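The values are calculated or read from the model by the stated rules, or taken from the named source; none is laboratory data. Values in this document were obtained by computation on a predicted structure and should not be read as measured data. A quick note on method: Cβ atoms are made from the backbone with ideal geometry, for glycine too, and the neighbour counts reach across all protein chains shown. Side chains are part of the model used for accessible areas, which takes the heavy atoms of the whole protein and leaves out ligands, DNA and RNA. Shrake-Rupley method; radii C 1.70, N 1.55, O 1.52, S 1.80 Å.
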Amino acid sequence: MKIQIFKVGFFLLLLLNIVLLVLLFQGRPNPRRIVNIREKISERLRLDQKQNDQLMDLAFEHREKITVLNKKQRVLIIEFFGEMAKEDESVHLKDKLLDEIRVLHGEKVSVTYNHFKDIQALCNEDQLSAFQEMFGELIPVLSGYDHSQGPPPGP
C-alpha cells in the first residue's frame, strides 16, 4: 500500500515538474524582442507612416493568433505528459495528443509564413529587394536558432 502511495506521489511530482518546465519554456514572448523586430523591419524596409501603421496592425494580428495557438498547445502538452502519471495510460490517446501538438506547431509556422507574405505585400517595388535580404536574416530568429551554437543545420 505504501509503495502505491509513493508511486502516485512520484508521478504527481514528475507531472508537476514537467508542467512547470513547459510553462517556463512556452512563456510569453519578450515584448522588447517583438518591438525590436518590428522596428528592425520598419527601418530596413524604409516604411512610410501608412505602411508602418499597417505593419503594426499585422504584428498585433499575428501575435494574437500565435498566442491562441500557444495556449492550445500548452494544454495539449500538459495532457500528453499527464498520461504518463496514469497507470492505464492510453497509447492511442498519447498518439492522438502528439498528432494534435504537431498540427498546432504546423499552424504556427503557417500563420508566421502568411504574416511575412502580408508584410511583403506592403512593400513597393523599391522595398522588395530589402525585404528579401531582411527576411533571410530573420529566418534564424524565427526558428529559434542561437548564433552561439555555430552554423544552423541544413543545406
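Measure up K86/K108; K7/K86; K40/K108 against 18 Å on the Cα-Cα distance and list the ones that go over. As for pairs spanning more than 18 Å Cα to Cα, those are K86/K108; K40/K108.
Straight-distance candidates among the aspartates and glutamates for linking to K96, with alpha-carbon spacing under 13 Å and chain neighbours fewer than 8 residues away dropped: E79, E83.
Take the Cβ atoms of A121 and V75, set R0 to 41 Å, and the FRET efficiency comes out at 0.80.
Estimated at 0.36 nm per residue, the fully extended path between L21 and K2 surpasses their Cα-Cα distance by 4.0 nm. Ordering E133, E43 by accessible surface, largest first, gives E43, E133; the 1.4 Å probe counts only protein heavy atoms, with every chain in place.
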